[in-house]
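Working notes for the structure below.
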2 protein chains.
Amino acid sequence: MLGLMQEWPLLCHKLIDNAERQHGAREIVSRSIEGPIVRTTYADLHRRSLKVAQRLERDGFALGDRIATLAWNTARHIEAWYGIMGIGAIYHTLNPRLFPEQIVWIMNHAEDKAVFVDLTFIPLLEKIAGAVKSLKKVIVLTDKAHMPQTTLPNAVAYEEWLGEVDGDFAWRSFDEGTAAGMCYTSGTTGDPKGVVYSHRSNVLHAMIAAMPDAMGLSSRDTILPVVPMFHANAWGLGQSGPMIGAKLVMPGCKMDGASIYELLDQEKVTFSAAVPTVWMMLLQYLEETGKTLPHLGKVVIGGSSCPRAIMTKFQDDYGVQVIHAWGMTEMSPLGTLCTLKPDYAGLEGEARLDVQSKQGYPPFGVEMKVTDDENNPQPWDGKTFGRLKVRGPAVARAYYGGAGAEQFDVDGWFDTGDVAHIDAGGYMQITDRAKDVIKSGGEWISTIDLENLAVGHPDVAEAAAIGVKHSKWGERPLLVVVAKPGKEPTKAGILDFMDGKVAKWWMPDDVAFVGEIPHTATGKIQKITLRQQFRDYRLPTD
Amino acid sequence: MLGLMQEWPLLCHKLIDNAERQHGAREIVSRSIEGPIVRTTYADLHRRSLKVAQRLERDGFALGDRIATLAWNTARHIEAWYGIMGIGAIYHTLNPRLFPEQIVWIMNHAEDKAVFVDLTFIPLLEKIAGAVKSLKKVIVLTDKAHMPQTTLPNAVAYEEWLGEVDGDFAWRSFDEGTAAGMCYTSGTTGDPKGVVYSHRSNVLHAMIAAMPDAMGLSSRDTILPVVPMFHANAWGLGQSGPMIGAKLVMPGCKMDGASIYELLDQEKVTFSAAVPTVWMMLLQYLEETGKTLPHLGKVVIGGSSCPRAIMTKFQDDYGVQVIHAWGMTEMSPLGTLCTLKPDYAGLEGEARLDVQSKQGYPPFGVEMKVTDDENNPQPWDGKTFGRLKVRGPAVARAYYGGAGAEQFDVDGWFDTGDVAHIDAGGYMQITDRAKDVIKSGGEWISTIDLENLAVGHPDVAEAAAIGVKHSKWGERPLLVVVAKPGKEPTKAGILDFMDGKVAKWWMPDDVAFVGEIPHTATGKIQKITLRQQFRDYRLPTD
Ligand SMILES: Nc1ncnc2c1ncn2[C@@H]1O[C@H](COP(=O)(O)O)[C@@H](O)[C@H]1O
């Protein structure tokens, strides 16, 4: 027997329908690519998104078409998203930080038919557009006055293009399982893999993200999504924000400390989200200038593990609550958030930081488990680590075109490629990437633990632990160290320092000193290059 | 093109799976029907609900069977709900306050096959069970020691019955559109009508209810659902509470001021929800005893319009935030909540109360409009009232068996039968029930406005406005008044008092004094009886 409740498909345009109806006058403030700070409202967003949808249809685009965006966080980018989704086409956010060849590969794989592009990225697009066979149209996110000379074929200025329709349009209707958005994730090996979000997953994710124990978003918040829309949907803020009618502040292309501070201060931002490096820049700016954060209530920090120093500064020096979070492009992206359960709510000082250093627990709508290589669930004891697997309505069940099938098991669990443990309180902590973990005699050693420990040594600037071939154990840990300027730590000194703080068999078999450790574009240690570098390294224990 | 996100149907048992996994040790405290206060946990709830499911299957119950509950709010009632839903059967909450013949009618209409019943209601059930042909099994929510002698056929004590299985069971799987629950709404006219909730609607409603701008529920809350589970799902708290892992406090059968206070105080309740009459009793108890509410943070008040005096006392005297809310059985039940948008957040005193007296605005997931009789949308000006219509994933699209089809239109809007206006800020205010509104020369007059105004007169205890036949205008308002003890207000005095405070043509044509005004079981004025009483009344203006 079926329930007798209404068919009310979870479609993304309903998010902005609600924003327009209930929060029409609320502002969206953007630092425009042209320079000035520009103010629109949810009523504008709704009206203009409808025009984008109508105009796209007039250009012949339709249900299922992939339409790329190569753009910063601005109101125009959000309008483009909702306009694209409103006809059942699929927004495809391109990460401009990738190599041009990767972008070409991705656009060809997705068969993007059009692209909305910011002025910043025209030179990049001019270089690659010719190689994207499917591309028919380029919409430059600016007005006529700012439209540059360009060799791009079929390029139009957004405002002019939009001006050609009247907005008398109704959203197209389709099933809630229809694809809404797309984002490629580029691992360190292999080709990028495409994640395809549905309308349903986007709407459910928006609801999950806004919950009190997740981000806790209200219409009384002013939200600054620093994390780019091309970085896993700006962690859902482009959906959650309109859903609850919060004022949005969009940072455009300026993410330096002074620019972010200017927006936080002038727009009285109460909530923001970004990766640790952005916050590092802001905190440095605050220290240099002596400025404070009287309006900011909380920040979500994720994308990579949040250093304790950032938490301490935000919380103790500026009175801003930190929510450490973990997620992935494949998860829309929220996986866990480190808000405090009642048992922890009273903790202070180091004890509180110990909890907050973990990546947190999943909200309703995300299930997680940690297994060994044979898919046996591991105990929730805060030490036994294994492969972190997740399940939920906003988690991918496949990649576009079927790549990476080995990451999805029959019961629908997605293997995140992260290695983690979960404690008795349900809090998860990432200890490694699966491909970085060191397997010694079949047992796993967490490289992140070794690195965190090693950087506690006063003379160590940076450390990376990698597995090196060993005839008896298969692999044993080598610690690669960059010394602080003017310091000369020794192998014995570092090992002495670490001794007793990790299991004996975890202790590195050797320490190698280098001038520099290679990093990825987003600041993560490039373990793959490092392992390459030390491929023929002979451990003294072998 | 479809999205590539996981199939993760919105099934109710996932709410308690999550509670068990992430909040297993959190308590559910019940005032038991046997007397003592009993403590269980979400881990217990999960384990015992699985046993209910397993035991029901062993008794031969299965997908689609209707299984009634005639019970107060306790942990056992919640276990029964999840156990029933876990095999795809349908919990059917019966309102014990209805007349026995109505309960019989409802049980026969739903064809209930079993009933979970509290000790309190055994005498009632004994009287009616024989008339319910479909009934096969009676499970008395108690243990062997407390099991009474009963004439009920196939009656077993819950704990004994549950003890016969081991809980080694897996939830059954089915589509998220599957019926999960059922509740009949008894209008003042006609037969009761059955609303059938689905798993999807229950889960979405739980998410909608917990949002920061709705009830704003967190794992750090301790929730006391005073509103009965048989009154529109305890406003969703039996689903939202487990979903977010809040401690639950279940009041059993005692709703008087002292009993509610005892739980609020001893269990440090932070959040509660009930109809105005319950709060009136609590506030009176507090005044008599001089007690305070140091833990309680906010209360949701709905079911009927919340008097200003209740809001003032809670907010000014006890520091408890009031959220006025409106809903219906047909809406799962949340429709609107009066939380404050940023423009209103700073209001104080009377200005704040003016907003809070409205029923509020709908969260994402509920759409509303106000139309005239020809279905034309009315302006959002805070004065033009009309029929209130709603739409959403947790709103009924039909009644069980097809009754009341005229309330559902082709576009899926449900006519609530309430009359309301919406202001420019999006806040809705109920002005009447559609069947109570007075139609004078084709224009509508709000009886609630007239009544609220009249009771402001110092000598008036209660007032009801009804339409009385008028040869020229069709209908004109008659004000029926109960004087305060020892007072003798006059017609002229009352009309003078009202004059200038409503439109001239709204002014009652006459005032009739009575000793008593008839009320329904839930304390609402029984307008239908009153109209009957004054059917042949001749207005002096006619
Ligand atoms: N806050 C409120 N103010 C006025 N009437 C209300 C309110 N909440 C509920 N109601 C009335 O109660 C009806 C629903 O009754 P029920 O289905 O029994 O919950 C609504 O249609 C309204 O007429």
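What follows draws every value from the coordinates through simple rules; no lab data is involved. Source: prediction; values computed, not measured. Cβ atoms come from the backbone with ideal geometry, glycine included; neighbour counts cover every protein chain shown.
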Quick check: the angle from helix B:75-86's long axis to the longest principal axis of chain B, C-alpha only, nearest 10 degrees? 70 degrees
Quote the relative contact order of chain B in percent (integer), defining contacts as alpha-carbon pairs under 8 Å separated by 6+ residues. 10 percent
In whole Hz, what ³J(HN,Hα) sequence does segment B:164-174 give by Karplus (6.51, -1.76, 1.60; θ = phi - 60°), x for Gly and Pro? 7, 10, 9, x, 7, 8, 10, 3, 6, 10, 6
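How much net charge surrounds residue A:79 when only the other residues with a Cβ under 10 Å from the Cβ of residue A:79 are counted, with Lys and Arg +1 and Asp and Glu -1? Before the final figure, lay out each step's value.
Details: positive: A:47, A:48, A:51, A:76; negative: A:44.
Once all neighbours under 10 Å are counted, the net charge is +3.
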Within 12 Å, Cβ to Cβ, of residue A:59, how many net charges do the neighbouring residues add up to if Lys/Arg are +1 and Asp/Glu are -1? +2
Nearest 20 debye, what's the magnitude of the dipole of segment B:366-433 about its Cα centre given +1 on Lys and Arg Cβ and -1 on Asp and Glu Cβ? 220 debye
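Kirkwood hydrodynamic radius of segment B:201-302 from all distinct Cα pairs, in Å? Write out the running numbers ahead of the final one.
On the way: mean 1/r = 0.0731 Å⁻¹.
Hydrodynamic radius (Kirkwood, Cα only) of segment B:201-302 equals 13.7 Å.
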For residue B:93, other-chain or 5+-apart residues with amide H closer than 5 Å (H placed, Pro excluded) are B:69, B:182
Enumerate the whole-percent occupancy of each 10 Å bin, from 0 to the last occupied one, for all C-alpha pair distances of segment A:366-433. 22, 52, 23, 3
Could you tell me the distance between the Cα centroids of segment A:1-57 and segment B:78-150, to the nearest Å? 47 Å
Calculate how steeply helix B:13-23 sits against the longest principal axis of the alpha-carbon atoms of chain B, using the helix alpha-carbon long axis, and give the answer as 0 to 90 degrees to the nearest 10. 80 degrees
Farthest toward the dipole's positive end in chain B, which of B:75, B:203, B:323, given Cβ charges of +1 (Lys, Arg) and -1 (Asp, Glu) about the Cα centre? B:75
In whole Å, how far is the Cα centre of segment B:234-276 from that of segment A:512-542? 58 Å
Under a Cβ-only charge scheme (Lys and Arg +1, Asp and Glu -1), can you give me the dipole magnitude of the protein assembly as shown about the Cα centre, in debye to the nearest 20? 540 debye
Distances from residue A:170 to the same position in the other copies: list them in nm, one decimal, shortest first, using label points 7 Å from Cα along Cα→Cβ. 4.4
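In Å, the Kirkwood hydrodynamic radius of the protein assembly as shown over pairs of distinct alpha carbons? Don't jump to the answer; show the numbers that get you there.
Numbers: mean 1/r = 0.0316 Å⁻¹.
For the protein assembly as shown, inverting the mean 1/r across all distinct Cα pairs yields 31.6 Å.
Go through B:193/B:389; B:501/B:527; A:469/A:504; A:298/A:358 and tell me which ones have a Cα-Cα distance over 21 Å in this structure.
Working: B:193/B:389 18 Å; B:501/B:527 24 Å; A:469/A:504 19 Å; A:298/A:358 17 Å.
Correct reply: B:501/B:527.
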Chain B: angle of helix B:42-58 to the longest principal axis, Cα-based, in degrees nearest 10: 80 degrees
Along Cα→Cβ, 7 Å out, is where each label goes; now give me the distance between the ones at residue A:124 and residue B:149 in nm to one decimal. 8.5 nm
Using only the alpha-carbon atoms of segment A:125-204, report the extent along each of the three principal axes, biggest first, to the nearest angstrom. 41, 39, 20
Helical contribution to [θ] at 222 nm, DSSP H n ≥ 4, -39,500 (n - 2.57), averaged over chain A, rounded to 500: -8000 deg cm²/dmol
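What number in nm² do you get for segment A:402-492 if you take the convex hull of its Cα atoms and divide its surface by four?
Details: hull surface 37.4 nm².
The orientation-averaged projected area of the Cα hull of segment A:402-492 comes to 9.4 nm².
Using Cβ contacts closer than 10 Å as the measure, can you line up B:411, B:44 from fewest to most?
Details: B:411 8, B:44 17.
Fewest-to-most Cβ neighbours within 10 Å comes out as B:411, B:44.
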Using amide H atoms built 1.01 Å from N in the peptide plane, name the residues 5+ places from residue A:431, or on other chains, whose amide H lies under 5 Å from its own. A:419, A:420, A:421
Output, in nm with one decimal and in ascending order, the distances from the residue B:528 label point to the matching label points of the other copies (7 Å from Cα along Cα-to-Cβ). 7.2
Determine, at each q value in 0.12, 0.16 (inverse angstroms), the log₁₀ of I(q)/I(0) that the Debye formula gives when each Cα of segment B:28-184 is one equal point scatterer. -0.47, -0.86
Local charge sum around residue A:45 (other residues, Cβ-Cβ under 13 Å, Lys/Arg +1, Asp/Glu -1)? +3
What residue among A:129, A:216, A:335 has its Cα farthest toward the positive end of the dipole of chain A, where the charges are +1 on Lys, Arg and -1 on Asp, Glu, each on the Cβ? A:129
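Under the classification rounded if a/c is under 1.5, otherwise prolate if a/b is larger than b/c and oblate if not, where does segment A:315-414 fall, given a ≥ b ≥ c as square roots of the Cα gyration tensor eigenvalues?
Details: a/c = 2.89, a/b = 1.80, b/c = 1.61.
It is prolate, given that a/c is not under 1.5 and a/b is the larger ratio.
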To make sure I understand, if each residue's beta carbon is the centre and we count other beta carbons within 10 Å, what order do B:147, A:85 fall in, fewest to most? B:147, A:85
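Ratio to report: Rg/Rh of segment A:238-356, with Cα atoms as the point set and Rh obtained by the Kirkwood method; give two decimals.
Numbers: Rg = 14.5 Å, Rh = 15.2 Å.
For segment A:238-356, the value is 0.95.
Rounded, prolate or oblate for segment B:13-93? Axes are the square roots of the Cα gyration tensor eigenvalues, ordered a ≥ b ≥ c, and the cut-off for rounded is a/c under 1.5. Show your work: numbers first, answer last.
On the way: a/c = 2.24, a/b = 1.30, b/c = 1.72.
Verdict is oblate for segment B:13-93.
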Which of the listed residues, A:277, A:257, A:295, is farthest toward the dipole's positive end in segment A:241-308, when Lys, Arg count +1 and Asp, Glu count -1 at the beta-carbon? A:295
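Hey, any idea what Rg/Rh is for segment A:438-534, computing Rh the Kirkwood way over Cα pairs? Present the calculation step by step, with values, prior to reporting the outcome.
Details: Rg = 12.9 Å, Rh = 13.6 Å.
Value, to two decimals: 0.95.
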List the pair-distance distribution P(r) of chain A, using every Cα-Cα distance, as the percent of pairs falling in each 20 Å bin from 0 up to the bin containing the longest distance, rounded to whole percents. 21, 54, 24, 2
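Could you tell me whether segment A:142-185 comes out rounded, prolate or oblate from its Cα gyration tensor? Rule is a ≥ b ≥ c as square roots of the eigenvalues, rounded for a/c under 1.5, then prolate if a/b exceeds b/c, otherwise oblate. Display every interim value, and only then the final one.
Details: a/c = 3.59, a/b = 1.49, b/c = 2.41.
The shape class here is oblate.
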All lysines inside 19 Å of residue B:144 as judged from Cα atoms, apart from same-chain residues fewer than 8 positions distant: B:51
Return the long-range amide H neighbours of residue A:324 (sequence gap of 5 or more, or a different chain), with a cut-off of under 5 Å between placed amide H atoms. A:301, A:338
What are the ³J(HN,Hα) couplings of segment B:244-251, residue after residue, when phi is run through the Karplus curve with 6.51, -1.76, 1.60 and θ = phi - 60°? Round to Hz, x for glycine and proline. 9, x, 7, 5, 10, 10, 9, x
So the label point sits 7 Å from Cα along the Cα-to-Cβ vector; using that for residue A:423, what distances do you get to the other copies, in nanometres, sorted shortest first? 4.8
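Apply the Kirkwood formula to segment A:335-392: the hydrodynamic radius equals the inverse of the mean of 1/r over all pairs of different alpha-carbon atoms; give it in Å with one decimal. Write down the numbers at each step before the final one.
Numbers: mean 1/r = 0.0782 Å⁻¹.
Here the Kirkwood hydrodynamic radius works out to 12.8 Å.
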Residue B:524-residue B:111 pseudo-label distance in nm [points 7 Å out on the Cα-to-Cβ vector]: 3.0 nm
